[in-house]
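Quick notes on the structure that follows.
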Amino acid sequence: MRVLIVVPAYNEERALPDVLGELRAAVAQNKLDAEVAVIDDGSSDGTAGAAQAQGVRVFRLRRNLGIGGAVQCGLRIALREDFDGAIQIDGDGQHPASELSKLLQAAAASPAPDLIVGTRYLTPDGFRSTVMRRLGGWWLTKLLAIFGLRVSDPTSGFRFYGRRALTLFNQNYPYDYPEPESLAMAEAAGLVIAEVPVMMRARQGGRSSIARLEAPYYMVKVTLAVILAYLRNRRRPSGGG
Ligand SMILES: Nc1nc2c(ncn2[C@@H]2O[C@H](COP(=O)(O)OP(=O)(O)O)[C@@H](O)[C@H]2O)c(=O)[nH]1
Ligand SMILES: [Mg+2]
C-alpha cells in the first residue's frame, strides 16, 4: 500500500524536526511505501523551513485555513496523486511515528476499513489530555453512539484514510475542530470506521488549538456540527431523490 503521510502544521518549528526524523525512521523500519507531506497552514514562524530542511514535501498555504483546511489539502493531494490511503499525524509530536504501523496493520484487515482512528484511551498509559477535554471527548462518544458509531477517542487526529474516505472528504471537510464532525460525516455516508489503540504523548512544543476558556463554546459548536453533519450526509434510502 502506498500512503501519503499528511502533517498539518501551524507554527510547529520547534517540534517538527523531531516529528519528521521519527517519521523517517518509522518509514524505513517498517519498509513502508510512504511519502511525507507537511502542510504549512500559513505559519508565521519557521515551520516551512524546518520541514524543508528534513527533505520532505512542503505545501505552504498562503493564509491560515485552520486544521480542517490543512488536513483537507493533504487528503486532496493523496487522492489526486493516486495514493492508496493517507495518514494524518500531528506536527506537534503528540503522535509517535512508531505507532503508525498499528494504523496500517488495521488498514490491511478484511474487509478494509475506510477510516481508522488511533485511540489513546485503550492503552494502559500515555498522554490523556486535560479533564475538560476528556469530558468533551466522553460526551462526543455518547453523541456519536446515537448515530451508531462506537469510537472511544473521537477527537483523535491520528488517523488513516482509505480511498473512499479520501473521496468523501475531497468534496467537503469540516474546517474547525474537524475530527468528531468528520466522523459523523463518514458514518452517515456508510463508510466503515475502525479504531486501534495507540500511545500518545503531550505536544512537544508550541501551543494547542483549544484554549481552556474556549471549551464550552467548543462543546456547543461541535455538538451542533456533529448532528448537522450526520443529518446532511445521511444516505438517502435507495430509490429516493
Ligand atoms: N492550532 C492550530 N493548529 C493547526 C492549524 N492548522 C494546522 N494545525 C496543526 O494541526 C495539528 C493539530 O493541532 P493541535 O493544536 O495539536 O490540536 P490538539 O492536538 O487537539 O491540541 C497540529 O499539528 C497543528 O500544527 C491551525 O490553524 N491552528
Ligand atoms: Mg496536537
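May I ask you to list the residues of segment 41-79 whose amide nitrogen lies under 16 Å from a point 7 Å from Cα along the Cα→beta-carbon direction of Asn172?
Counting backbone N atoms under 16 Å from the label point, the list is 69, 72.
Amide H neighbours of Val196 under 5 Å, at least 5 residues apart or on other chains, H built in the peptide plane: list them.
Sorted by chain and number, the residues that satisfy this are Val117, Gly118, Thr119.
Can you report the principal axis dimensions of segment 51-206 using only the alpha carbons, biggest first, rounded to whole angstrom?
Largest to smallest, the principal-axis extents are 38, 36, 30 Å.
Quick check on the chain: of the DSSP beta bridges with both residues there, what percent are antiparallel, nearest 5%? Don't skip to the end; give the middle numbers.
Working: 7 of 28 bridges.
Around 25 percent of the beta bridges assigned by DSSP in the chain are antiparallel ones.
Explain nothing, just compute: Karplus ³J(HN,Hα) = 6.51 cos²θ - 1.76 cosθ + 1.60, θ = phi - 60°, for every residue of segment 76-89 in order, whole Hz, x for Gly and Pro.
5, 4, 4, 5, 4, 8, 6, 5, 6, x, 9, 10, 9, 9
Name the residues whose placed amide hydrogens come within less than 5 Å of the amide hydrogen of Gly93, ignoring near sequence neighbours (fewer than 5 apart) on the same chain.
So Gly93 has HN proximity to Gln204.
Mind listing the phi-derived Karplus ³J(HN,Hα) values for segment 180-187, rounded to whole Hz, using 6.51, -1.76 and 1.60 with θ = phi - 60°, and x for any glycine or proline?
Residue by residue, segment 180-187 yields x, 5, 5, 5, 4, 4, 5, 5 Hz.
Please compute the modelled spin-label separation between Leu228 and Ser98, points set 7 Å along Cα→Cβ, answer in nm with one decimal.
Computed distance between label sites Ser98 and Leu228 equals 4.3 nm.
Mind listing the long-range amide H neighbours of Gly46? Cut-off is under 5 Å, sequence gap 5 or more, other chains count too, H placed in the peptide plane at 1.01 Å from N.
Distant-sequence amide H within range of Gly46: Glu13.
Note down the nm distance, to one decimal, between modelled labels 7 Å out along Cα→Cβ at Met219 and at Asp33.
Between Met219 and Asp33, the label points sit 4.6 nm apart.
Select from Leu224, Leu16, Leu149 the residue whose mean-square fluctuation is largest in a Gaussian network model of the chain (Cα-Cα springs shorter than 10 Å).
Sorting by GNM fluctuation, first place goes to Leu224.
Which ³J(HN,Hα) values in Hz, rounded to whole numbers, follow from the phi angles of segment 90-98 under the Karplus curve 6.51 cos²θ - 1.76 cosθ + 1.60, where θ = phi - 60° and Gly and Pro get x?
Once θ is set to phi - 60°, the couplings for segment 90-98 become 4, x, 9, x, 6, 10, x, 4, 5 Hz.
Treating the beta-carbon of each Lys and Arg as +1 and of each Asp and Glu as -1, no other charges, what is the dipole magnitude of the chain about its Cα centre, to the nearest 20 debye? Intermediate results must be reported in sequence, preceding the final value.
On the way: 29 positive and 24 negative charges, 122 e Å.
I would put it at about 580 debye.
Considering only Ile193, Thr223, Thr167, whose Cα is most displaced toward the positive end of the charge dipole of the chain, charges sitting on Cβ of Lys, Arg (+1) and Asp, Glu (-1)?
About the Cα centre, the residue reaching furthest to the positive side is Thr223.
Read-outs throughout are calculated quantities, based only on the coordinates presented, and are distinct from any laboratory measurement. This is a predicted model, so every value here is computed, not measured. Methodologically, a virtual Cβ is constructed for each residue, glycine included, from the backbone with ideal geometry; neighbour enumeration extends over all protein chains shown.
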